[in-house]
Amino acid sequence: MTTTHAGREAAANNVDAVVIGAGFAGLYAVYRLREMGLAVRGFERGSGVGGTWYWNRYPGAGSDSESWVYSYTFSPELEQEWTWSSRFPPQSEILRYLEHVAERFDLKRSFEFNTAVNGATYDENSNRWMVKTDKGDTVHATYLVTAVGCLSAAAVPNIAGRDDFKGAWYHTGQWPHEGVDFSGKRVGVIGTGSSGIQAIPVIAKQAKHLTVFQRTPNFSVPARNRALTPEEVSNLKRNIKEIREFCRWSTIGQPYDFKNQNALDLDRETLRQQLEDNWQKGGFEWMFGAFPDMLYDQRANDIAADFVREKIRETVKDAKLADKLIPAGYPIATKRLPLDSGYFETFNRDNVTLVDLRETPIERIVENGVRTSDTTHELDIIVFATGFDALTGPLTRVGIRGRQGRKLEDKWADGPRTYLGVATEGFPNLFMITGPGSPSVLGNMPTSIEQHVDWVCGLITHLRKSGAVRAEPTTQAEEHWGQHVKELADQTLFPQADSWYLGANIPGKPRVFLPYIGGFGTYRKLCNEVADKGYEGFAIG
Ligand code: NAP
């Protein structure tokens, strides 16, 4: 029997699952779903795979997780074949890795690139999702898997006069593929989060002059990035199984964990020495391989914060400038802690100026630069390192409608409501990879992603085996989960900072702590228990 063109089209438009996004999560979701024998179609806005690493090509962009754990674990062969160059790989290398994975497992054939999903509506009669794209396609699927990333909806602040600027402007999360030549240019960077802190030292070396517009001074810990020696590589590859297993059950999906000891139990000198030793090692371990009370107890947190303040003071030669760069008013690490490669040192350069927006706020953007309350800073290029509408933004902008046409953004008007961060009541068979209410951004993303995809695939297998067609969380399960996520966050110092974890960076966004802070290992255990109890908390029918 020959299949007609129309027949093939119809088949392609009626699939088991649609996956949105071709980053770490989307690629793995397609791999697993196909392995289960499902017909899958994927859609990706970008022209290629990579997600975060496709879009964030700004100078200095790279992973803050150690390379040997910032990767997939599903294929032992892949793990042995691929060799990372350095401790913290640059964006270009991670993108190459994801392209390699896509080729190696023949994943691209399931994706349509340059295609954004601009609507997905659940039809109760057919129990199917009707997915529409900006290319005019309509695809029907039983399962809708969103792999849209947590930090993919770039937020460019609505500063008056932005369109008057005659120079070029860029957002770090939408960086041009051809790169930006800063040589001989007067550059302004607005924002000193992780992206700004990675980009600023690199731009400063290229630009004629760099002006950094800082609203809130940020803590930062040295990355101490370096090349991996062949000996390290072979040791890591030999022990990779154990390393991965440790990550899976750790608090933040990394190859280290909090000590079984509080900072406040140590005498000052011992504590200082331990902080110093870890500072010399570099990386997140300084905070997240240290003392748990630093995130729960203000007194312990103050010790850590003062340690970093001293480091900033030692590094920045001009004492008045150091004062402006030293953070105060919120506990350290309650805004995502950046890792840096010479960030504070950059302010010792003659071609770098810091503008403290708390003293001289931005009034407007003008045709030749940025006007603050005291002067106009003349610029050829503005870089917005101003962050993202995190976790909810990438989902609400898709145009998802559940039962009775209810819009996801309406349901979440007062903050996202999910069960396990993976599903939401009223939207059957919608599965969100690392959605709000899951650990997601509070650690190593690939660890989180693999757990989520595997768990969703387990749920879909359960449905298919039991002859059920839909799974949807109960209202009660969702409410309990929401309370649990909030209670856990409230036990920490995190809610004290105006961070994107709380939506505080987006005007009008409800102040709700978005990720699950109970730890990757604990979350994994809870998810496994839910599965063992026949997916307790889901209405399955
Ligand atoms: P971010 O952490 O939200 O930082 C945005 C910065 O822009 C903040 O300094 C913010 O100031 C400032 N800002 C925002 N609106 C402004 C305005 N209207 N005027 C002046 N300043 C403004 O964003 P990000 O640096 O892009 O990082 C977001 C997240 O992406 C990170 O936390 C991290 O999870 C991830 N990331 C990861 C890596 C990595 O793994 N290597 C690298 C980069 C980013 P306020 O603090 O005052 O709001």
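The values are calculated or read from the model by the stated rules, or taken from the named source; none is laboratory data. Everything numeric in this text was worked out from a predicted model, so none of it was measured. Don't worry about glycine lacking a Cβ; one is built from the backbone with ideal geometry, like all the others, and counts go over all protein chains shown.
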Only unsatisfied item for GLN214, checking (1) within 17 Å of the chain's Cα centre (by Cα); (2) farther than 30 Å from ARG41 by Cβ; (3) among the polar types (S, T, N, Q), is (1)
Which condition number in (1) surrounded by fewer than 16 Cβ atoms within 10 Å (Cβ to Cβ); (2) under 28 Å from GLU242 (Cα atoms) is the one that GLY119 fails? (2)
Do we have any residue at all in the range 394-404 that's within 26 Å of PRO338 (Cα to Cα), within 15 Å of the ligand (Cβ to nearest atom) and touching a residue at least 24 places away in the same chain (Cβ under 8 Å)? yes
Can you report the number of residues in the range 193-224 which are within 11 Å of the ligand (Cβ to nearest atom) and over 20 Å from GLY283 (Cβ atoms)? 6
Test VAL49 against the stated conditions and say whether it is buried (at least 22 other Cβ atoms within 10 Å of the Cβ), β-branched (Val, Ile, Thr) and modelled with pLDDT of 95 or more. yes
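Let's see how each residue does on (1) assigned to a helix (DSSP H, G or I); (2) among the acidic types (Asp, Glu); (3) surrounded by fewer than 20 Cβ atoms within 10 Å (Cβ to Cβ); (4) at pLDDT 95 or above:
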position	(1), (2), (3), (4)
ILE460	yes, no, no, yes
ALA468	no, no, yes, yes
GLU479	yes, yes, yes, yes
GLY482	yes, no, yes, yes
ALA489	yes, no, no, yes
THR492	no, no, yes, yes
Select from the range 136-184 the residues that are among the β-branched types (Val, Ile, Thr) and away from the ligand (no atom under 15 Å from the Cβ) and write down the one among them that is surrounded by the most Cβ atoms within 10 Å (Cβ to Cβ). VAL145
Sole residue being within 30 Å of GLU242 (Cβ to Cβ) and out of contact with any Lys or Arg (no Cβ under 8 Å at 6 or more places or on another chain), chosen from LEU395, LEU430, LEU459, LEU493: LEU459
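Every residue, every condition in (1) part of a helix (DSSP H, G or I); (2) free of Cβ contacts under 8 Å to residues at least 24 places away in the same chain, yes or no:
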| position | (1), (2) |
| --- | --- |
| VAL69 | no, no |
| TYR72 | no, no |
| LEU78 | yes, no |
| HIS100 | yes, yes |
| ALA120 | no, no |
| THR142 | no, no |
| ASP163 | yes, yes |
Search the range 477-489 for residues that are closer than 15 Å to GLU425 by Cβ and pair each with any residue that is part of a helix (DSSP H, G or I) when their beta-carbon atoms are under 9 Å apart and the residues are at least 6 apart or on different chains. ALA477/VAL530
Looking only at residues that are hydrophobic (A, V, I, L, M, F, W, C) and more than 25 Å from the chain's Cα centre (by Cα) in the range 437-494, which one is farthest from LEU151 (Cα to Cα)? ALA468
Assuming ALA390 fulfils every condition listed in (1) away from the ligand (no atom under 14 Å from the Cβ); (2) crowded, with 24+ Cβ neighbours inside 10 Å apart from one, which condition is it? (1)
VAL202: farther than 22 Å from GLY393 by Cβ and in contact with a Pro (Cβ under 7 Å, 6 or more places away or on another chain), yes or no? yes
Qualifying position, being assigned to a helix (DSSP H, G or I), in contact with a Pro (Cβ under 7 Å, 6 or more places away or on another chain), assigned by TED's automatic domain parsing to the domain that holds VAL512 and within 30 Å of TYR330 (Cβ to Cβ), among SER440, SER448: SER448
When the range 206-231 is examined, which residues are found to be surrounded by 17 or more Cβ atoms within 10 Å (Cβ to Cβ) and under 17 Å from ASP350 (Cβ atoms)? ALA207, HIS209, LEU210, THR211, VAL212
